[in-house]
Amino acid sequence: MDQLVSIIMPNYNGEKYIAQTIESVLAQTYPNWELIIADDCSTDNSVNIINSYAEKDSRIKLITGEKNSGAAQARNVALLQAKGKWIAFLDSDDKWLPAKLEKQIDFMNANGYKFSCTKYAHIDENSKPLNKVVTSPKVIGKRKMFRYNYLGCLTVMYDAEAIGVLQVNPEIGNGRNDYALWLKAVKREKCYYYDEVLALYRVRTSSLSHGKKLRLVRTHYDLMRLSEGRSKFVSCFYTLKHLFYGTLKKLFYVKRRKN
């Protein structure tokens, strides 16, 4: 029997795109999955949308929080409920291609890998291609992972039996809580890259603001201090290092597609 995949999805006011996201999970050629959606006290119609899908498919499970606590805590709650051998991640505005789970699990099983990521492409707010794909180093160990977050959250999958149950400090800002998970996971297993576009990352206008980029710098510092327990000096060093390798990533791991 196919091994169960637990798909972790935090949601906060995702009504605009969450139906498309859920549909991309329902379209998977790999059928043995559970979709755990942790809602962080949404004030829009997204919970009703999720419930409408959950009523039709028992593989879709909704967890509602008692108070708004941020994406890190939402992921923590969903991870504690996960029953699958494999853990995968998908945000409520992104999408998967139909063979995503099947191809990635085959890749990992064939090679004995416990932790992997894939290539992904950018789309705009209307789901139109932006002709940009993001790749990754072929193998990411601890040293590379601490340099930069090369992993697209929507592409990550790991073996829960090998990695264990991961939790992150909920005080970490929304921009780095997924990276906190990868830093914990890579201490147990290296991450391996599958060179095929299997997921679509939605670039939203609000995500491009200068102010948000500045907040991400602070959030990276907090990640090193709160999650990794590093000193102030070392946290500053890793934050500067992250900025440097982020520039290199744009040069070597972000590719333009021809129209």
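The values are calculated or read from the model by the stated rules, or taken from the named source; none is laboratory data. Since the model is a prediction, treat every value here as computed from it, not as a measurement. Ideal geometry is used to build each Cβ from the backbone, glycine not excepted, and the neighbour counts take in all protein chains shown. For accessibility, only protein heavy atoms count, side chains too; no ligands or nucleic acids. Shrake-Rupley method; radii C 1.70, N 1.55, O 1.52, S 1.80 Å.
Simple spin-label estimate for PHE244 and THR205 gives 3.7 nm between the two label positions (7 Å along the Cα-to-Cβ direction from each Cα).
Each other residue within a Cβ distance under 15 Å of ASN68 adds +1 if Lys or Arg and -1 if Asp or Glu, for a net charge of -3. Binning the alpha carbon pair distances of the range 1-65 at 10 angstrom intervals from zero yields the distribution 22, 58, 18, 3, expressed in whole percent.
Quick one: which residues, 5 or more positions from TRP33 or on another chain, have an amide H under 5 Å from its amide H? H modelled 1.01 Å from N in the peptide plane, none for Pro or chain starts. For TRP33, the qualifying residues are VAL5. Rg then Dmax, both in Å and based on the Cα atoms of the range 108-210: 14.4, 43. Computed from backbone phi, the HN-Hα couplings of the range 145-159 come to 5, 6, 6, 7, 7, 7, 8, x, 3, 5, 10, 6, 9, 9, 8 Hz, rounded to whole numbers (Karplus: 6.51 cos²θ - 1.76 cosθ + 1.60, θ = phi - 60°; Gly and Pro given as x). Across the range 32-146, the convex hull enclosing all Cα atoms gives 158 Å³ per residue.
Extent of the range 81-151 along its three principal axes (Cα atoms, max minus min coordinate, largest first): 37, 31, 26 Å. Modelled label positions at GLU228 and ASN126, each set 7 Å beyond Cα in the direction of Cβ, lie 4.1 nm from each other. Sequentially through the range 57-64, phi angles give Karplus couplings (6.51, -1.76, 1.60; θ = phi - 60°) of 9, 5, 6, 9, 10, 10, 10, 10 Hz, Gly and Pro residues having no value and appearing as x. Modelled label positions at GLU23 and CYS41, each set 7 Å beyond Cα in the direction of Cβ, lie 3.2 nm from each other. Each listed q (0.07, 0.12, 0.13, 0.14 Å⁻¹) maps to a log10 I(q)/I(0) for the chain, found by the Debye formula over equal Cα scatterers with no solvent: -0.22, -0.69, -0.82, -0.97. Under 5 Å from the amide H of ALA199 lie the amide H atoms of LEU97, ALA121, each residue being 5 or more positions distant or on a separate chain, with H modelled from the backbone and absent for Pro and chain starts. With the helix formula -39500 (n - 2.57) applied to DSSP H stretches of n ≥ 4, the chain reaches a computed 222 nm mean residue ellipticity of -11000 deg cm²/dmol. For the pair the range 216-235 and the range 65-79, the centres of their Cα atoms are 21 angstrom apart. Peptides 13-19, 117-123, 142-148 ordered by packing proxy, namely the average of other Cβ atoms within 10 Å per residue, highest first: 117-123, 13-19, 142-148.
The string of couplings for the range 18-30 from the Karplus curve (6.51, -1.76, 1.60, θ = phi - 60°) is 5, 5, 4, 5, 4, 4, 5, 6, 4, 7, 4, 6, 8 Hz, one whole number per residue in order, with x for Gly and Pro. Taking the protein heavy atoms of the chain in the context of the full set of protein chains, the accessible area attributed to carbon and sulfur is 50 percent at 1.4 Å.
Express as a percent, rounded to the nearest 5, the fraction of DSSP beta bridges in the chain (both residues included) that run antiparallel. DSSP beta bridges in the chain are roughly 40 percent antiparallel.
Calculated accessible area for the range 85-163 comes out at 36 Å² per residue, all protein chains present (probe 1.4 Å; ligands, DNA, RNA ignored). Using the Cβ of GLU196 as centre and a radius below 15 Å, the other residues enclosed give a net charge of +3, where K and R count +1 and D and E count -1.
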